[in-house]
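Colleague: The structure's right below; bear with me while I get my questions together.
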């Protein structure tokens, strides 16, 4: 199914494996972490700078059953995932 995923969705999905790890470990992001993220991962940083959880969840929701990304999508849509993503997005928006 990954070959049929449109670019708009893939720009989020390709980062979900890393984000899922942060959700699972409840990674707390320091100022230096944010600086490194902004510097080393400028593409996802720019993408997320103006994103909302609602926008992200709407885009990724159709891929809950995808063989490659489904487990990551389900985690991101869970209450734990939502809580962490809102935290992370808030930090990005304020940076």
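The values are calculated or read from the model by the stated rules, or taken from the named source; none is laboratory data. These numbers come from a predicted model, not from an experiment. Here the Cβ is made from the backbone with ideal geometry for all residues, glycine too, and neighbour counts use every protein chain on show.
Colleague: Which residue out of 54, 82 is free of Cβ contacts under 8 Å to residues at least 60 places away in the same chain, within 13 Å of the chain's Cα centre (by Cα) and surrounded by fewer than 12 Cβ atoms within 10 Å (Cβ to Cβ)?
Modeller: When all the criteria are applied, what remains is 54.
Colleague: Also, quick follow-up: Could you tell me which numbered condition residue 64 fails, if it satisfies all but one of (1) touching a residue at least 60 places away in the same chain (Cβ under 8 Å); (2) more than 18 Å from residue 22 (Cβ to Cβ)?
Modeller: Every listed condition holds for residue 64 apart from (1).
Colleague: Any chance you could count how many residues in region 1-18 are in contact (Cβ under 8 Å) with a residue 40 or more places away in the chain and assigned to a helix (DSSP H, G or I)?
Modeller: Residues in region 1-18 being in contact (Cβ under 8 Å) with a residue 40 or more places away in the chain and assigned to a helix (DSSP H, G or I): 7 in total.
Colleague: Where residues in region 57-73 are surrounded by 17 or more Cβ atoms within 10 Å (Cβ to Cβ) and in a helix (DSSP H, G or I), which of them is farthest from the chain's Cα centre (by Cα)?
Modeller: That would be 63.
Colleague: Anything in region 32-51 that is without any contact (Cβ under 8 Å) to a residue 60 or more places away in the chain, under 13 Å from residue 89 (Cα atoms) and assigned to a helix (DSSP H, G or I)? List them, or say none.
Modeller: If the condition is that a residue be without any contact (Cβ under 8 Å) to a residue 60 or more places away in the chain, under 13 Å from residue 89 (Cα atoms) and assigned to a helix (DSSP H, G or I), then 37, 38, 44, 45, 46, 47, 48, 49 are the ones that fit.
Colleague: Still on this model: Would you mind stating whether residue 41 is modelled with pLDDT under 95 and more than 14 Å from the chain's Cα centre (by Cα)?
Modeller: So residue 41 fails the test.
Colleague: Here are some residues: 10, 47. Which one is at pLDDT 90 or above, out of contact with any strand residue (DSSP E or B) (no Cβ under 7 Å at 6 or more places or on another chain) and either within 20 Å of residue 87 (Cβ to Cβ) or surrounded by 12 or more Cβ atoms within 10 Å (Cβ to Cβ) (or both)?
Modeller: Just a single option satisfies the conditions, and that option is 10.
Colleague: State all residues of region 19-31 that are in a helix (DSSP H, G or I), surrounded by fewer than 12 Cβ atoms within 10 Å (Cβ to Cβ) and modelled with pLDDT of 90 or more; if no residue qualifies, say none.
Modeller: Passing the criteria: only 25.
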